[in-house]
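The values are calculated or read from the model by the stated rules, or taken from the named source; none is laboratory data. Quick caveat: nothing in here was measured; it's all calculated off a predicted structure. Ideal geometry is used to build each Cβ from the backbone, glycine not excepted, and the neighbour counts take in all protein chains shown.
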Amino acid sequence: MVRVPCKCAQIVKVFEDANKSQLSIIILDDIERLLEYVVIGPRFRI
């Protein structure tokens, strides 16, 4: 499992890199896994 600060830094880097080009696109696949969402109530880590 990736630590939350590392995960946040990676996400920020992806968006910053994509912002450098007008032709960039970011596809977020399986966002529940990215946010570590669990079905048991509204619990997730950001």
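Filtering the stretch 3-29 to residues that are surrounded by 10 or more Cβ atoms within 10 Å (Cβ to Cβ) and aliphatic (A, V, I, L, M) leaves V4, A9, I11, V12, V14, A18, I26.
Considering (1) of a type outside the set (F, W, Y); (2) assigned to a loop (DSSP other than H, G, I, E, B); (3) at pLDDT 90 or above; (4) over 13 Å from the mean Cα position of the chain (by Cα), the lone condition that I27 does not fulfil carries the number (4).
Taking the stretch 2-24 as the range and being in a loop (DSSP other than H, G, I, E, B) and in contact with a helix residue (DSSP H, G or I) (Cβ under 9 Å, 6 or more places away or on another chain) as the test, the residues that pass are V2, S24. Residues of the stretch 1-23 being among the charged types (D, E, K, R) and at pLDDT below 90, which ones? Matches in the stretch 1-23: R3, K7.
Note on the stretch 30-46: residues that are of a type in the set (A, V, I, L, M), under 10 Å from the mean Cα position of the chain (by Cα) and either modelled with pLDDT of 80 or more or surrounded by 10 or more Cβ atoms within 10 Å (Cβ to Cβ) (or both) amount to 3.
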